Amino acid sequence: MMSSSRMLQGIIALLVVFGWGCAENGPAEWRPTPPSPMAQAFVVEEGLPLLRYSHQIMEVSGVKFFRATYGHAQDCPSGCFCSNAYGIRAPGGIGWLGSNDYDRYELTATRYYNFLTTDEILFHFETWVKMISAAEVACWRIFLPALAKNQDVPIQALLTFAGLLHSYPGCWVAENIIENPVVQEDAQILQILADLPEMGCSQYAMVRERARALLERLPGE
């Protein structure tokens, strides 16, 4: 098995090659790209308050990521922004990943996406990099945290998550991955989390402490 230090070096090297890209910034004349009819119907069926538009963020190997913007405009006129709900359309189906909500609206719990072990493209580091380039904030706050807490995500992908946290302050990813039952039984991942650096992320201190406590409880540790 690859050592933790070698794995971290490999991840950092890939980050340098691919680059982080930028968030969903665009010119003043930016217009949303309508998602597939299925995604649009899914958004409408949710009944989001004051739905403004839906937009396809990106597509990779047939998997489509989209968002729906809704609700009251916030912080106007200094810089208006609205609530956003993020979803995914994959071979396994369609569903929400999460939202950044300012309108006190909770997405329907039964309409969240159910990750499957066959969703292999979602577990690839290259897919994450493309998602970060297309929508950095949404990726780190919605997509990657949703993956990090799921028990069906392969162990190698979870190892990569843990390594990424050493080079980027992924607060929400860290908060979710330490609660993943698979991670709580894996000494290698726990050791990486126990050694998280100070990255300006308040959650890291909690994750480090929790990881060390879990390591002490593992057989043979």
query = Does Glu106 satisfy the criteria of being of a type in the set (Asp, Glu) and touching a residue at least 60 places away in the same chain (Cβ under 8 Å)?
reply = no
inquiry  = So if I check each of Ala73, Ala90, which one is at pLDDT below 95 and within 25 Å of Lys149 (Cβ to Cβ)?
reply    = Ala90
remark   = Here the qualifying pairs (Cβ atoms under 9 Å; residues six or more apart or on different chains; first in the stretch 198-221 and at negative phi; second hydroxyl-bearing (Ser, Thr, Tyr) and not in a loop (DSSP other than H, G, I, E, B)) come out as Glu198/Tyr204
Residue in the stretch 76-87 that is exposed (fewer than 15 other Cβ atoms within 10 Å of the Cβ), within 16 Å of the chain's Cα centre (by Cα) and touching a residue at least 24 places away in the same chain (Cβ under 8 Å) present = no
Among residues of the stretch 119-157, those that are within 17 Å of Val182 (Cβ to Cβ) and either under 12 Å from the mean Cα position of the chain (by Cα) or of a type in the set (S, T, N, Q) (or both), counted = 11
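Look at the stretch 36-68 and say how many of its residues are acidic (Asp, Glu), at pLDDT 95 or above and within 19 Å of the chain's Cα centre (by Cα).
The number of residues fulfilling the criteria is 0.
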message = Pairs please, first residue from the stretch 130-145 and without any contact (Cβ under 8 Å) to a residue 40 or more places away in the chain, second anywhere and buried (at least 21 other Cβ atoms within 10 Å of the Cβ) and not in a helix (DSSP H, G or I), Cβ atoms under 6 Å, 6+ apart in sequence or on different chains.
response = Trp140/Gly170
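Given the options Met199, Met206, name the one that is more than 28 Å from Gln56 (Cα to Cα), modelled with pLDDT under 90 and surrounded by fewer than 19 Cβ atoms within 10 Å (Cβ to Cβ).
Just a single option satisfies the conditions, and that option is Met199.
Here's the yes/no breakdown for (1) more than 17 Å from Trp96 (Cα to Cα); (2) surrounded by 22 or more Cβ atoms within 10 Å (Cβ to Cβ); (3) of a type outside the set (Ser, Thr, Tyr); (4) in contact with a Gly (Cβ under 7 Å, 6 or more places away or on another chain):
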| residue | (1), (2), (3), (4) |
| --- | --- |
| Asn114 | no, no, yes, yes |
| Leu122 | no, yes, yes, no |
| Ile132 | yes, yes, yes, yes |
| Ala135 | no, yes, yes, no |
| Cys139 | no, yes, yes, no |
| Ala148 | no, yes, yes, no |
| Ala157 | yes, no, yes, no |
| Leu164 | yes, yes, yes, yes |
remark   = Among strands (runs of 3 or more DSSP E) entirely inside the stretch 56-150, those with 1 or more residues being in contact with a His (Cβ under 9 Å, 6 or more places away or on another chain) are 63-74, 81-90
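The values are calculated or read from the model by the stated rules, or taken from the named source; none is laboratory data. Predicted model, so just to flag it, every value in this text is computed and none were measured. Note that each Cβ is placed from the backbone with ideal geometry, even for glycine, and that neighbours are counted across all protein chains shown.
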